[in-house]
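Report on one structure; see the data block that follows.
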Amino acid sequence: MTSENTQETLGVQIANQIINIANTRLEDGLPADEIASGLRHAAANFSAFSYFRSENKDMDPNAMVDEFVNLLTHYLERHQPTEQPATGLHQLVEQAKNEI
């Protein structure tokens, strides 16, 4: 296993720990939007903190933004609900067809 894969695995493990905290707060009745806002705030804060302490002096902060956008896009697709059943007039017409 390369060190990049090890770091990715460690990053995913840390992310899962943070998600567990978020899920606990959700179970406590907090609104998901507020939890997500807190997570984004924490991610930005710690990302800025780590940027100035990184041993990789060539790191571009825009790369962090690009990574976030890519991850958000991935998870938006992953969590998107499946097609909802038809509602309204279309549903009524289909129901009428099935009853005849």
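So, in segment 59-100, exactly how many residues are surrounded by 10 or more Cβ atoms within 10 Å (Cβ to Cβ), part of a loop (DSSP other than H, G, I, E, B) and at pLDDT 70 or above? Number of matching residues: 2. Modelled with pLDDT under 90 and either in a loop (DSSP other than H, G, I, E, B) or surrounded by 11 or more Cβ atoms within 10 Å (Cβ to Cβ) (or both) - does that describe any residue in segment 38-54? Yes, segment 38-54 contains a residue that is modelled with pLDDT under 90 and either in a loop (DSSP other than H, G, I, E, B) or surrounded by 11 or more Cβ atoms within 10 Å (Cβ to Cβ) (or both).
The values are calculated or read from the model by the stated rules, or taken from the named source; none is laboratory data. Everything numeric here is computed off the predicted structure, so don't read it as measured data. Quick reminder, even Gly has a Cβ in these numbers, built from the backbone with ideal geometry, and neighbours come from all protein chains shown.
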